[in-house]
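Engineer: Structure in structure tokens, see below.
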Amino acid sequence: MNIRNLEYLVALAKHRHFQRAAEACNVSQPTLSAQLRKLENELGLQLLERTTRKIRFTQTGLRLVEQTQVVLREIEALKNMASSSHYQSLMQTLDVGIIPTLAPYIFSHLNAVCRENFPEIELEIHEAQTNQLLYMLESDTIKCAIMTSNKDTSKYVELPLFDEPLVLGVSHQHPYSRMNEIDMGHLKNNKILMIDDGNCLHSQVLRYCYQFELEPDSRFVAMHLETLRRGVAFNRGVSFFPLLSTQQGSNENIRYIRCVSPEPKRKVVLIFHRSDPMRKKYEILRNAIARYMERYLIDYNAMA
């Protein structure tokens, strides 16, 4: 078994076409086919179901592709570490991806943490939605990402940062504006303004809508939290906001109310590749952010 044959396997899984996979690997199609048959013989396993119409991987083949991607990534990491100039460059820059509903509200603290703990490293921030961040992580455009936990993050190392409460935003003209907290079960008759479904906050809020029979308002869908905030300020409806987003850029026409029974929350995590040589730095980063949020949430809970 050699590394090149493993690369052929991953290319075929990506392109699902022998000719396109061969072109991506700069070999002829017969060569790629022959080497994959050789790999199957060496392993004593059938990886592909070959038909005239399309390529179909066996279940064993799919599992092997997933493990092969991990192996090739670690081999690439070893090559990079062997190159002192590349490794030194890697250690001088920290590319962090952050979801849009968190980036503006955590940036200043993240920057301060990096300056204090890694003064020799330049912090580079990439703000993007969850799916794009996962693609950027897979392609090594970023080295780690701060986002909410979901099923697509399970293949990475996932360090928990904090559980962020979601609070209810209402206009000062709304009857709830005089309340300090509200039971989730009492929101049934309200129109819930929503953020765009490309944003992870959309699915989190939608889950609570289904659970408590709330009605998402299809006539108002915002791309950004600030647009959502405007809709609430003009009393178009009510909506849920991540707690950190209520501290900066707050609108004086909005009142934020704690929700209880239960308190809606989202789990924020730091993710990165298992083979990443900067793991120790990520753990320091995680601990500093977690300590900051612990103090922040203590103050928030004391106001209850």
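Engineer: For segment 114-216, which GluC sites (Glu not before Pro) are in a loop by DSSP, counting at most 12 other Cβ atoms within 10 Å?
Structural biologist: The qualifying sites are Glu120, Glu213.
Engineer: Lysines within cross-link reach of Lys191: Cα-Cα under 24 Å, excluding same-chain residues under 8 positions apart?
Structural biologist: Lys265
Engineer: Let me ask another. Return the aspartates and glutamates within reach of Lys280: Cα separation strictly under 14 angstrom, same-chain partners fewer than 8 residues apart disregarded; answer none if there are no such residues.
Structural biologist: Filter leaves Glu158.
Engineer: Please report, in Å, the Rg and the Dmax of segment 3-82, where both are computed over Cα atoms only.
Structural biologist: Cα-based Rg and Dmax for segment 3-82 come out at 12.7, 44 Å.
Engineer: Give me the net charge for the shell around Glu215: Cβ to Cβ below 9 angstrom, other residues only, Lys and Arg +1, Asp and Glu -1.
Structural biologist: Its environment carries a net charge of 0.
Engineer: Putting +1 on Lys and Arg Cβ atoms and -1 on Asp and Glu Cβ atoms, find which of Val260, Val71, Phe57 reaches farthest to the positive end of the dipole of the chain.
Structural biologist: Working it through, the farthest residue towards the positive pole turns out to be Phe57.
Engineer: Now for a separate question. If you take the alpha carbon radius of gyration of the chain and divide it by 2.2 N^0.38 Å, what ratio comes out, to two decimals?
Structural biologist: 1.24
Engineer: Give the distance, in whole Å, between the Cα centre of segment 137-211 and the Cα centre of segment 109-135.
Structural biologist: Cα centres, segment 137-211 to segment 109-135: 22 Å.
Engineer: Could you sort out which of Lys79/Lys281; Lys79/Lys267; Lys155/Lys281; Lys155/Lys188; Lys38/Lys143; Lys188/Lys267 sit more than 29 Å apart by Cα distance in this structure?
Structural biologist: Lys79/Lys267; Lys155/Lys188; Lys38/Lys143
Engineer: A further question follows. Out of segment 95-176, which trypsin sites (Lys or Arg not before Pro) are coil in DSSP terms and have no more than 16 other C-beta atoms within 10 Å?
Structural biologist: Here the trypsin sites (Lys or Arg not before Pro) that fit, given the DSSP loop and packing criteria, are Lys155.
Engineer: Oh, and also: Rg and Dmax of segment 129-196, using alpha carbons, in Å: what are they?
Structural biologist: 17.8, 49
Engineer: A further question follows. For Cα pairs less than 8 Å apart in space and 6+ apart in sequence, what is the mean separation divided by the residue count of the chain, i.e. the relative contact order in percent?
Structural biologist: Relative contact order for the chain comes out at 20 percent.
Engineer: Given an 8 Å cut-off on Cα distances and at least 6 residues of separation, report the relative contact order of segment 163-265 as a percent.
Structural biologist: Relative contact order here is 51 percent.
Engineer: Ok, one more. Once you treat every alpha carbon in segment 7-148 as an equal point and sum by Debye, what is log10 I(q)/I(0) at q = 0.14, 0.15 Å⁻¹?
Structural biologist: -0.83, -0.89
Rule-based calculations on the coordinates, nothing more; no lab input. Here the structure is a predicted model, which means the values were calculated and not measured. Glycine also receives a Cβ, built like all others from the backbone with ideal geometry; neighbour counts cover every protein chain displayed.
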